[in-house]
Amino acid sequence: MITHFTNTYAARRNENADISKSEMKAFIGVLILSGYNCMSRRRMYWEQSADVHNTLVANSISRNRFEYIFSNIHVCDNENLNQEDRFTKIRPLVAALNQRFQLHAPHVENHSVDEAMVPYFGRHPCKQFIRNKPIRYGYKLWIGCTHNGYIIWMEPYQGANRENTRFLDWVHQLF
């Protein structure tokens, strides 16, 4: 899905849209690793100095190819956007993740629904500020999970004046 939409977006920009699934897996792997092994600049993973060089990253994907994919990454078709949904650009990814979460979820009796914050400091109409929280600025997600913390579903919060029908549907399915 991600590879297809990224290639489609790059082709619309008249760029060489030839990203393979293995390159996309390497790209996502570098993103996951960069969340664990943080550097001040993204390009540092490919530098040759001994204190910052990461052989795993450098051997999996070139810096220029990573930057190319990063500049074209898309998870939806820009031609078919729902103007009512503030998260329409990531909605296919959220739906795919929710499907996988439920497919692999352990079957337990007790579930909980709670909010979670994804840190974000840029501008977006759905960015929340919650005082006295460890993460004060960011996106608020409603998350349903098992008693041991496995996520079953998630739904981004779109604001008080928006009806969160997907969230309500998930909650009604639980009961």
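Search the stretch 77-109 for residues being closer than 19 Å to Tyr139 by Cα and in contact with a Lys or Arg (Cβ under 8 Å, 6 or more places away or on another chain), and hand back the single one that is surrounded by the fewest Cβ atoms within 10 Å (Cβ to Cβ).
Ranking the candidates gives Asp85 first.
Just the residues that are buried (at least 16 other Cβ atoms within 10 Å of the Cβ) and of a type in the set (Val, Ile, Thr), please, taken from the stretch 1-51.
Residues satisfying the conditions are Ile2, Thr3, Thr6, Thr8, Ile19, Val30.
If we only count helices (runs of 4 or more DSSP H) wholly inside the stretch 1-66, which ones have 3 or more residues that are over 18 Å from the mean Cα position of the chain (by Cα) and closer than 20 Å to Asp77 by Cα? Spell out how you get there, then give the answer.
Working: elements: 2-12, 21-36, 55-60.
Fully inside the stretch 1-66 and qualifying: 2-12.
Does at least one position in the stretch 136-157 carry a residue that is at pLDDT below 90, of a type in the set (Lys, Arg), surrounded by 11 or more Cβ atoms within 10 Å (Cβ to Cβ) and farther than 16 Å from Arg91 by Cα?
Within the stretch 136-157 (the criterion being at pLDDT below 90, of a type in the set (Lys, Arg), surrounded by 11 or more Cβ atoms within 10 Å (Cβ to Cβ) and farther than 16 Å from Arg91 by Cα), the answer is yes, since at least one residue qualifies.
The values are calculated or read from the model by the stated rules, or taken from the named source; none is laboratory data. Bear in mind that the values here come from a model prediction, so they are computed numbers and not experimental data. All Cβ positions, glycine included, derive from the backbone under ideal geometry; neighbour counts span all protein chains shown.
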